[in-house]
Ligand code: ATP
């Protein structure tokens, strides 16, 4: 069990307010990812949960017990760092068993726990090697193995894959998610990479400037971003955002006159903002349709053929860029004039304060 609850949690460094009242409940066995731009407070928040950084305001509890003042080694949470911090003179087995040896666990029990974790992490063939004779991915697994043998209630990962090459990162992502299911323990994972967040998380926590912008499943965040920040941060290529003004509205949608373009229809029930409201229309590249006579015009500035999809970068008359996921067969070439329209049932709409209106 490891249910972690943060209530109005704050971190004030001398002269800097890094975490500004975070409320968050993480369920037992959940895989939660903290994501956000550099400096948003992800690592600080994780280190506060680990006990490596003092909580200067609010309450933090583990399984219902207030944990603000519990020392790190008594919290039952294991932290895995970006730099693996393995002991170079010890073998893989010794590295993995070191904490247990220090805790005077009987030798036979250490051997059993190490070999069980090694099998899980496919390290059984390299237990006698020293770290310098391992690949980056194997070193990272040893660091994880060292945490597993301690049988923690939860794992805290701080950008653990950032030192690995792209292919290995993708492989390790899958392995960590599988590990979460196998071990049935809570995991919190920090990354600045929204693709990592999207592919691994049960729930994503988007942080920005020390506050939580949105918490939700990857698809909730992708399909219903709560505000312009989340809309711009989640999704690659990015959501197209166009400014405009509501000119008509009824129970089933709104008509928005875009700046530098025509009028688009947004189909959604219950839009409360009325005519005259300044809005931003959001369209994912795959929901931006190329049409014979769409309300949004531009010129294909660059066409990227990725094999499984084609991205068309469209330069607008006002100098702005939009990205459209197009069918290769549409045969768009650089310099072609194009017109576009949002898929009306998939567009997003944000009000003057940046919050979602639908
Ligand atoms: P990154 O992705 O770059 O690691 P992050 O989101 O993990 O960023 P943190 O390391 O949590 O960001 O830092 C959050 C903010 O707190 C930053 O603006 C940082 O400069 C500030 N900060 C961190 N440690 C201290 C400190 N000891 N004293 C003052 N400010 C600090």
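Every number here is computed from the coordinates shown, using simple stated rules; none is lab data. Quantities reported herein were computed from a predicted structural model and do not represent experimental measurements. Please note: Cβ atoms are built from the backbone with ideal geometry, for glycine as well, and neighbour counts cover all protein chains shown.
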Relative to the longest principal Cα axis of the chain, at what angle does helix 136-148 sit, 0 to 90 degrees, rounded to 10?
-> 60
If one takes the longest principal axis of the Cα atoms in the chain, at what angle in degrees, from 0 to 90 and to the nearest 10, does the Cα axis of helix 166-183 lie?
-> 60
Give the shape of the range 201-241 as rounded, prolate or oblate, defined through the alpha-carbon gyration tensor: a ≥ b ≥ c are the square roots of its eigenvalues, a/c under 1.5 means rounded, and otherwise the shape is prolate if a/b is larger than b/c and oblate if not.
-> oblate
Gyration tensor on Cα atoms of the range 237-350, a ≥ b ≥ c root eigenvalues, a/c under 1.5 rounded, else prolate if a/b beats b/c, else oblate, says prolate
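List 156, 241, 24, 52 from most exposed to least, where exposure is judged by having the fewest other Cβ atoms within 10 Å.
Result, fewest neighbours first: 52, 241, 24, 156.
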Reduced to Cα centres, the span from the range 299-358 to the range 210-273 in Å works out to 15
The chain - share of DSSP beta bridges that are antiparallel (%, nearest 5) | 75
For the range 170-234, just run the numbers: alpha carbon Rg, then divide by 2.2 N^0.38 Å, N being how many residues it has.
-> 1.15
When a footprinting reagent is the concern and you count Cβ atoms within 10 Å, what order do 353, 124 take, fewest first?
-> 353, 124
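Can you tell me which of 139-146, 171-178, 328-335 comes out highest on packing, and rank the rest after it, using the mean Cβ neighbours within 10 Å?
The densest-packed peptide leads the list: 139-146, 171-178, 328-335.
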Ratio of Rg to Rh for the range 152-207, alpha carbon only, Kirkwood?
-> 0.93
Full extension from residue 353 to residue 336: what is 0.36 nm times the residue separation minus their Cα-Cα distance, to one decimal in nm?
-> 2.5 nm
The range 222-270 shape via C-alpha gyration tensor axes, a/c threshold 1.5 | oblate
Any idea how far the Cα center of the range 165-198 sits from the one of the range 78-122, in Å?
-> 21
On Cα atoms only, tilt of 107-120 relative to the major axis of the chain in degrees = 20
For the range 287-358, what is the convex hull (Cα atoms) projected area averaged across all directions, in square nanometres?
-> 5.7
Relative contact order, percent, the range 237-350 [alpha-carbon distance under 8 Å, six or more residues apart] = 29
For a quick protection proxy, order the peptides 258-270, 181-193 by their average other-Cβ count within 10 Å, most packed first.
-> 181-193, 258-270
Most exposed first, judged by fewest Cβ atoms within 10 angstrom, 229, 155 run 229, 155
Each label point is 7 Å from the Cα along the Cα-to-Cβ direction; what then is the distance between the points at residue 167 and residue 103, in nm?
-> 3.7
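How long are the semi-axes of the equivalent ellipsoid of the chain, defined as square roots of 5 times the Cα gyration tensor eigenvalues? Whole Å, largest first.
46, 25, 15
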The range 146-168 scanned against label point 7 Å out from residue 63 along Cα→C-beta; backbone N under 14 Å for 151-155
Expressed as a rounded percentage, what relative contact order does the chain have, with Cα pairs under 8 Å and six or more residues apart?
-> 15
